[in-house]
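Q: Pasting a structure here, questions to come.
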Amino acid sequence: MPHHLNRMAEDLVKAKMENYWPGFELVAYAIYDKSNVYLFNHPKFSNNPPCTYHILKWDTEFAADTIIMYEEYPTAIVNMDHYKEYEDLFSIAVHELFHGYQYIKDEKRFPDEMLGITYPLSKENVELRNQERTNLYCAMLENDLIKKKQYLNAFIALREKRAAKIEEYLTYENLIETIEGPAWYVELKAYSEKSPLDYDSV
């Protein structure tokens, strides 16, 4: 996978981030494995051409695929060992970079992750949430306006039923949707751009 590093740097410079989201700006990003961290675009580290990244020894600060404050600067991090195909690695990097963009644009609607730990995973809540998503998905795909409204009304009714049962956790869900929804959207656009699959398949 390290052979993808220069391609990643080229694609993220070439890629018109504006095509993914209006005004999308890059923060720093790091692609890492269990030995090394390859740090790109960080203001505290300079890269001497032709190398486009700075190599650091891996440490525990680099865990998961997320956004961290590395050396006081938002840095998207992605574990390259989790992805076999370039389009997967690239699209996840774009997803995490979008969270960095949200951060530098002073987004305030990040969810309370501690509340997420106690989220009610009851069978009823999960089933109702799945029904909600199914109705919303069907509404998105439906061309008939009357059927579309029926799907949307079913979605709203299910959401209200769950709201009465899960109370403050619905706010947590809404914040997750607000933050993650656009990040998943740009991830999808980045993946479809790099994937050999046609857009409908993606």
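Q: So what's the Cα pair-distance distribution over the chain, bin width 5 Å, in %?
A: Pair shares across the bins are 1, 7, 12, 16, 15, 15, 13, 9, 6, 3, 2, 0.
Q: Same structure again: Tabulate in residue order the Karplus-calculated ³J(HN,Hα) for the stretch 5-10, using 6.51 cos²θ - 1.76 cosθ + 1.60 with θ = phi - 60°, rounded to whole Hz; enter x for Gly and Pro.
A: 5, 5, 4, 4, 4, 5
Q: Mind putting a number on the dipole of the chain about its Cα centre? Charges go on the C-beta only, +1 for Lys and Arg and -1 for Asp and Glu, and I need it in Debye to the nearest 20.
A: The dipole of the chain has a size of about 360 debye.
Q: Measure up LYS105/LYS148; LYS57/LYS108; LYS108/LYS189 against 31 Å on the Cα-Cα distance and list the ones that go over.
A: LYS105/LYS148; LYS57/LYS108
Q: With r defined as the distance between the Cβ atoms of LYS105 and PHE45 and R0 fixed at 25 Å, what FRET efficiency is calculated, to the nearest 0.05?
A: 0.60
Q: Hey, another quick one. Which GluC sites (Glu not before Pro) does the stretch 5-54 hold that lie in a coil by DSSP with at most 13 other beta carbons within 10 Å?
A: GLU25
Q: Given the DSSP H assignment, sum -39500 (n - 2.57) over each helix run of at least 4 residues in the chain and divide by its residue total; what's the result at 222 nm in deg cm²/dmol, nearest 500?
A: One gets -17500 deg cm²/dmol as the mean residue ellipticity at 222 nm.
Q: Along the charge dipole of the chain, Cβ charges K/R +1 and D/E -1, which of ILE146, TYR20, ALA190 sits furthest on the positive end?
A: ILE146
Q: How much of THR178 can a 1.4 Å solvent probe reach, expressed as accessible area in Å² and rounded to 10?
A: Roll a 1.4 Å probe over it and THR178 shows about 50 Å².
Q: Considering only DSSP beta bridges where both residues belong to the chain, give the percentage that are antiparallel (nearest 5).
A: Roughly 70 percent of the DSSP beta bridges within the chain come out antiparallel.
Q: Length gain on complete extension for the stretch GLU160 to ASN125, per 0.36 nm per residue less the alpha carbon to alpha carbon distance?
A: Full extension from GLU160 to ASN125 adds 11.4 nm.
Q: Could you rank GLU113, GLU61 by how accessible they are, 1.4 Å probe, largest area first? Walk me through the intermediate numbers first.
A: Numbers: GLU113 110, GLU61 80 Å².
In descending accessible area the options line up as GLU113, GLU61.
Q: Two-decimal Rg/Rh of the stretch 148-190 from alpha-carbon positions, Kirkwood Rh?
A: That ratio is 1.10, to two decimals.
Q: May I pose another question? Using a Förster distance of 45 Å, how high is the FRET efficiency between SER201 and LYS57, based on the Cβ-Cβ distance and rounded to 0.05?
A: For R0 = 45 Å, the calculated efficiency reads 0.65.
Q: If the viscosity is 1.567 mPa s and the temperature 4 °C, what Stokes-Einstein diffusion coefficient in µm²/s follows for the stretch 1-84 when Rh is the Kirkwood radius over Cα pairs?
A: Answer from the Stokes-Einstein relation: 97 µm²/s.
Q: Could you pull the accessible area for MET114 with a 1.4 Å probe, rounded to 10 Å²?
A: 130
The values are calculated or read from the model by the stated rules, or taken from the named source; none is laboratory data. Owing to the predicted nature of the structure, the values given are computational and were not obtained by experimental measurement. Quick reminder, even Gly has a Cβ in these numbers, built from the backbone with ideal geometry, and neighbours come from all protein chains shown. Side chains are part of the model used for accessible areas, which takes the heavy atoms of the whole protein and leaves out ligands, DNA and RNA. Shrake-Rupley method; radii C 1.70, N 1.55, O 1.52, S 1.80 Å.
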